[in-house]
1. Compare E172, E202 by solvent-accessible area with a 1.4 Å probe and give them largest first, with all protein chains kept in place.
2. Output wanted: per-residue J couplings in Hz (rounded whole) for segment 215-230, from phi through Karplus 6.51 cos²θ - 1.76 cosθ + 1.60, θ = phi - 60°, x for Gly and Pro.
3. Heavy-atom accessible area of D204 with all protein chains present, probe 1.4 Å, nearest 10 Å²?
4. Leaving ligands, DNA and RNA out of it, work out the accessible area of K257 with a 1.4 Å probe and give it in Å² to the nearest 10.
5. Would you tally the net charge around Y164, using a Cβ to Cβ cut-off of less than 13 Å, leaving Y164 out, and scoring K and R as +1, D and E as -1?
6. Ordered by residue, what ³J(HN,Hα) values in Hz, to whole numbers, does segment 190-204 give under the Karplus form 6.51 cos²θ - 1.76 cosθ + 1.60, where θ = phi - 60° and Gly and Pro are x?
7. Starting from the Cα gyration tensor of segment 178-269, take the square roots of the eigenvalues, sort them a ≥ b ≥ c, and report rounded, prolate or oblate (rounded when a/c is under 1.5, otherwise prolate if a/b is larger than b/c, else oblate).
8. When only DSSP loop residues count, what chymotrypsin sites (Phe, Trp or Tyr not before Pro) in segment 174-255 have their Cβ near at most 15 other Cβ atoms within 10 Å?
Amino acid sequence: MIHIFLWIIMFAISASQIYIKIGTIPYDYFFRFCVFLIAFYLNYYIFVPKILLKKQFLYYIITAILFSILFIFLIEFVIPKPPHPQENFPQNLENNYSIYRSFPTLILLLLFFTLSTSIKLGIEWYKSEKEKVLIETQKANSELSFLKAQLNPHFLFNTLNSIYALANKKSENTTLSIVTLSELMRYTIYEASENKVSLKKEVDHIKNYISLQLLRLKDSSGVKLNIHGNLNYKIEPLLLISFIENAFKYGTDFKGKTNIIIKITVKDEELHLYVYNTSTKHNTKNQNSGIGLVNIKNRLNILYPNSHDLNILNEKNSYIVNLIIKLKSNTK
């Protein structure tokens, strides 16, 4: 419909210009216009997609030249033309009227070829970019699903190890830890299956995890959690837990003393996560290992490209994580 509309406008404008100039529209004008249309769509549907887009540039140029010659022959020597007064043309071209007219015809053909080529290439570029965006979106979704699938068992294994340690000690807190684990798994299975969750629920999930970890520690006095700011935002699930999980995994020294500081601050639509834990020489070598941190880095790159800042400082006796995320939206 767009093509038909544009051709009607072009035909009306060109025909009106001819009528204003000579007082009539020559009958050969309609045939000439049809030939130009054939040239346009022959190039649009066949030459460009079948030759040019396959990078056969020389073949395309030769084909365009040959068909231009064919179209000029049809226009100037096959289509019947009305008589024209000879005095309108230079004396040396009186007997070569068709040759004289072939030059503007050639220019028009080249314009039609250029126009159809430009439009077709533009449309194909738009389709290609659209397909690239779709492929990248599908790839990102597939990667996120895969990363989540890896992250959840990793989290579960570490938590079960903590409960196992309590059971070995015949601790009275074993039952409480199982209840807490059920809350954690309920969040992981049902809530974390969504693309986004409430930041408050994510923080509650972190609190439950820390509560479970505190049950197994000999000395939990060094564990501190501070939360400040408005939690009325949405966030992708399970983004923060790996850093905290990592702190508890490596934050206990040989004497059983655990020193962990966790700060979650929301200010000016930015989430700041600060995690500090002490580490031994052995732990320092392993802080960056493990599937959890690798996955969370990949997820951050996919979900928050150019809108997050992650700095990890791995020193001799400490390990510090500073993460800033530009929150995308509030409760909407």
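The values are calculated or read from the model by the stated rules, or taken from the named source; none is laboratory data. Keep in mind that what you see is a predicted model, and the values were worked out from it rather than measured. Please note: Cβ atoms are built from the backbone with ideal geometry, for glycine as well, and neighbour counts cover all protein chains shown. Remember, those area values only see protein heavy atoms, side chains included, never the ligands or the DNA or RNA. Shrake-Rupley method; radii C 1.70, N 1.55, O 1.52, S 1.80 Å.
1. Working: E172 170, E202 0 Å².
Largest accessible area first, the list is E172, E202.
2. Coupling constants for segment 215-230: 5, 8, 7, 5, 9, 9, 5, x, 8, 10, 10, 10, 10, 9, x, 7 Hz.
3. Rounded to the nearest 10, the figure is 60 Å².
4. 70 Å²
5. Working: positive: K169, K170, R216; negative: none.
Once all neighbours under 13 Å are counted, the net charge is +3.
6. Couplings: 9, 6, 6, 6, 7, 5, 9, 10, 5, 4, 4, 5, 5, 5, 4 Hz.
7. Details: a/c = 2.43, a/b = 1.47, b/c = 1.65.
The shape class here is oblate.
8. On the way: sites: Y187, Y190, Y209, Y233, F243, F248, Y250, F254; in loops: Y233, F254.
Filter output for segment 174-255: F254.
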